[in-house]
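For reference, the structure discussed in these notes is given below.
The values are calculated or read from the model by the stated rules, or taken from the named source; none is laboratory data. Nothing here was measured: the structure is a model prediction, and the numbers come from that model. Cβ atoms come from the backbone with ideal geometry, glycine included; neighbour counts cover every protein chain shown. The area values use the complete protein model at the heavy-atom level, side chains included, leaving out ligands, DNA and RNA. Shrake-Rupley method; radii C 1.70, N 1.55, O 1.52, S 1.80 Å.
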Amino acid sequence: DGLCDAAGVAMTPANGAVFRVECVCSGEVVICPAVSFHVVYDTTRASRVDIVSNQGLNVTGTCGVPTMGVFAASSQVQTCGKYEYPITPAGVGASQRVVRMAVVPLRYEADHTQARVCFQAAGGVVLPQRCVYFQVMTRPQTLFIAQGTGPAESAEQIVSPIRTTTGEELRLRVVVFHRIPNDPLDIGLRTLDCPPSSVGNPASCPSPELPNQRWEGPTVCTLTSNPSATNCMRQSCERTLLYTPAPEEDGQAYAISFQAVSQGPALLSPGVQPVGVGCGAVEGLCNMGPYKDLSRQADYIVEVRIPVPEFTFQDANQRLYSEPGVLQSPPGFTLAGTPEEGERQPAAFINCPLRGFGVYAKKRGASQLGLELVASGEGQPDAARLGMAISETSFVVEDRFGDNPPGEGEIVAPDSPFVSYMTYASVTWTPPKEAQGLIFNVCVRAFDSESSSTRCTTVEVERCLYCTVEHDTLQSIAARFRTSWLQVWSANYAGWLSKDPELNTAQNTPWETTKNPDELHPGLLIRLGPVYKARHDVQVADLVHRFQTSRETLHVANPDIGNRTVLPAGSEVCILADICTHADQHD
């Protein structure tokens, strides 16, 4: 335990010996355990040991069971001060006596020589006094990797795993809080308190280094609370580890562990060395031990991937570039986008051009990306097969810092330090009648030779609604859907739109001047008929009979029925009822 000689004989701590005492902060108060040590004296030269002076210690009353020193965990030692053994321990000469000392540090001292007890053999030859010092220490508190560069007190913690990409510098800002001011901490990779492998030693203890890592300077500590008369102030310490993964590290996952170690104030600082002989022949202070440095650990996983394209949202009407630094001619402008993953687009209608959306993608280190529509899975509605198109790629300027956007029509140099270029394409579509009633999962893939990303949005083509085109008449529309013009005309009665408040027709003009059936203009939104919603499973044949229509008409208006003979509950069906017989039409 450092308090006996090589032969195991009890010995008196050297003058200037320092005990490192692990204490805790409770609120603003330091709470320390009792510390005990031997004082051995020769009865031929002295008759007793006196405590000459003490400072910052409890040397009277109850100390509690010591947790440090030669009497650690001994329940018989619970009284502070000195206690002389009535017997001679083994290894001690017949003329020698052993005094047990027990003290409790009461507070933290920036100059730990202020927490001391001095004793002297008395009642005989005048001998020099010895002083023992106590260095109050606390274990570092929370250790974590912080986001951003703001104050450590308000920084959010980064959780494991930490994902980074090849070629990109990863900055791991390691932060720890500590309650003892002027106690320098050292942040680094874990080397202390590693359990034996037989009891579950993690792979990260001692922690391996990241390939080609480097520390950005030493640990820096700052007080984060105002000094007060109490001891338990708060300081934050931090240190940043830098790491740039190489391309060949793609797919690697590294288990690393950080530690923050409390090393205590420098023991041999000039001006704090007491007179006397220290440990061995060294003049000054020395540690009595072995007592480990106090540390706090935190484990993380760092995963490395190659960079992948990212989709971003941008407003509409931005100028397009055919290549970096070259504006399109004639001028081209963007659509708003990119949609969020799973975002539902406004309702689409047969023959009505979809509002369309833009796709903006970028990737660190890539000058240009490809953008393409992804084919739908087997048996799924595929808008690309029904005419949906994505434009050729072009470029859009992105302001890197958010404070220097290019002006209207401004040509930006490809190597401008203030902006970067994103790849852009627009998605457009005019749904054909085969798309009626279908829900399409439209996915766009951004890619290069190394990696790719996909973003999907939903487009639903409403049933029983149709946009007119040039030369359309009620008769031609009715013929296209295997019904009569009277059926179509009657479906557009005044007020039908108000009965479907969820229907978004903001991009289209509903047909409202229905008093003149021959007055049709291109781009009008016409209702073909009502939409029936099945309350329970229903036979297709029953629908044909109930609404006096034909299976052919039902299939033309509802291509999703396919070859099914039974529709499940909740199914929606566009009904084009035969509301007038052939004879009635001629009457």
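Worth pointing out:
- Only protein heavy atoms count here; under a 1.4 Å probe, HIS38 has an accessible surface of about 20 Å².
- In terms of accessible area, using a 1.4 Å probe and ignoring ligands and nucleic acids, LYS515, LYS433 rank largest first as LYS515, LYS433.
- Largest accessible area first, the residues GLU378, GLU84, GLU310 order themselves as GLU378, GLU310, GLU84 under a 1.4 Å probe with ligands, DNA and RNA left out.
- Across the stretch 458-573, the convex hull enclosing all Cα atoms gives 125 Å³ per residue.
- Burial order of peptide ranges 53-59, 354-360 (average beta-carbon count within 10 Å, highest first): 354-360, 53-59
- Placing +1 on the Cβ of every Lys and Arg and -1 on the Cβ of every Asp and Glu, with no other charges, gives the stretch 456-500 a dipole of roughly 200 debye about its Cα centre.
- Residue-wise HN-Hα coupling along the stretch 358-363, computed from phi with Karplus coefficients 6.51, -1.76, 1.60 (Hz; x: Gly, Pro): x, 10, 10, 9, 8, 8
- When GLU303, GLU216 are compared by accessible surface with a 1.4 Å probe, the order from highest to lowest is GLU216, GLU303.
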